[in-house]
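Visitor: Could you have a look at this structure, given as structure tokens, before my questions?
Values quoted throughout were computed directly from the atomic coordinates according to the rules given, and no laboratory measurement underlies them. All of these numbers come straight from a predicted model, not from anything done at the bench. Every residue, glycine among them, receives a Cβ derived from its backbone with ideal geometry; neighbour counts consider all protein chains shown.
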Amino acid sequence: MYLDTSVLGALYIPEALSPTAAAAVRAATAAISALTEIEFASVVARRLRERTISAADGALVLRTFDAHLADRRYRRLPVVADTLVEAGRLLRSGAAPLSTLDALHLAIAVLNRETLCTADRQLARAATRFGAKVHLIRARN
């Protein structure tokens, strides 16, 4: 199961989605990509700028994530030239609204025959339109 950044972020920074994200990851072998890693760093940086997490918490989040990478908690899926070609194909088709980054996440999942795990409803709808397997997670009430 390929985790996009909406799910990965919820695993490390507590939010309403965190318990559901953790349950989804426990139920399957989780995969990420370099794109997910970069976006995750951006999420942490944004949260620090917005002061919704402290500098100490931000550093702890990044250290924990780095330790999980070193421990191979996640499979790392490649981002290669074919990924860019597939993302371009998805965008050019006009079949569903996608941002560039979402098209890249979807291309990574599709090319690696992974279920896309996301909390982004628009991305989930687009993935479904393209015939991709999707696991949409939502916060528990």
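Quick grid of which residues meet (1) under 16 Å from V79 (Cβ atoms); (2) over 14 Å from the mean Cα position of the chain (by Cα):
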{"position": "A10", "(1), (2)": "no, no"}
{"position": "S18", "(1), (2)": "no, no"}
{"position": "A28", "(1), (2)": "no, yes"}
{"position": "E37", "(1), (2)": "yes, no"}
{"position": "A45", "(1), (2)": "no, yes"}
{"position": "L48", "(1), (2)": "no, yes"}
{"position": "T52", "(1), (2)": "no, yes"}
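Visitor: While we're here: Could you count how many residues in the range 85-132 are charged (D, E, K, R), under 24 Å from A16 (Cα atoms) and surrounded by fewer than 22 Cβ atoms within 10 Å (Cβ to Cβ)?
Guide: 3
Visitor: Looking at E15, E39, which is the one that is surrounded by fewer than 19 Cβ atoms within 10 Å (Cβ to Cβ) and acidic (D, E)?
Guide: Only one candidate passes the filter, namely E15.
Matching residues to (1) touching an Asp or Glu at 6+ places or on another chain (Cβ under 8 Å); (2) closer than 19 Å to A31 by Cβ:
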position	(1), (2)
T100	no, no
A107	yes, yes
A132	no, yes
H135	no, yes
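Visitor: Across the range 46-61, what is the total count of residues that are aliphatic (A, V, I, L, M), free of Cβ contacts under 8 Å to residues at least 40 places away in the same chain and under 11 Å from I13 (Cβ atoms)?
Guide: Selection size over the range 46-61: 2.
Visitor: In the range 65-122, what count of residues is obtained for those that are of a type in the set (A, V, I, L, M, F, W, C) and closer than 23 Å to P14 by Cα?
Guide: Total satisfying the criteria: 7.
Visitor: Mind checking which pairs have a first residue in the range 67-83 that is without any contact (Cβ under 8 Å) to a residue 12 or more places away in the chain and a second that is part of a loop (DSSP other than H, G, I, E, B) and aromatic (F, W, Y), Cβ under 7 Å, 6 or more apart or different chains?
Guide: H68/Y74
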